[in-house]
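Contents: one structure, followed by commentary.
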Amino acid sequence: MADTLTPEQRQKCMSRVKGKNTKPELALRSALHALGFRFRLHRRNLPGCPDIVLPKYRTVIFLHGCFWHQHPGCRKATIPISNYEFWLAKLRGNAGRDKQNTAILQRNGWRVLTVWECDLKCGEELIAKQLSRIIDTCRETGLDP
Ligand SMILES: [Zn+2]
């Protein structure tokens, strides 16, 4: 798919995606907190440094930018045409590492949820949907918040 952003737009877009503590992420976290879930953020000692860690449920949540982590089937998951080879290697590399990290975590008994940027950015309804996914996954452990 053609990439139509100007370099400045791309720069802006990337810094927004890369930045942590974005609004939808905060909304998701405060909703989890309000429901009584206790979690930790950005644990560097876990593979891939998950964005949200729920130790009690042995569940980790990755909040992934659709471009940087190449959300399958997402219209944001395009490879820029300029410097194509560079981007292809970089973005494929990111996606490959994500898979590896997930596999390692699962082997160690963690439940792994991925929430994509586009699953959150379109408002409260989508955030609620992701929230109930997280709650369902945690409930499978037989524990309540
Ligand atoms: Zn997406």
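Can you order the peptides 64-73, 25-34, 123-132 by their average number of other Cβ atoms within 10 Å per residue, highest first? Can you show the working numbers first?
Values: 64-73: 17.9, 25-34: 15.9, 123-132: 14.0.
Final packing ranking: 64-73, 25-34, 123-132.
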For Leu63, what residues show an amide H to amide H distance below 5 Å, using hydrogens built from the backbone and excluding near sequence neighbours?
Asp51, Ile52, Val115
Scattering curve values for segment 38-120, log₁₀ I(q)/I(0), Debye with Cα scatterers, q = 0.26 Å⁻¹:
-1.25
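Each reported figure results from applying straightforward, stated rules to the coordinates on display, with no laboratory input. In this text, all values refer to a predicted model and were calculated from it rather than measured experimentally. We place every Cβ from the backbone using ideal geometry, glycine too, and count neighbours over all the protein chains shown.
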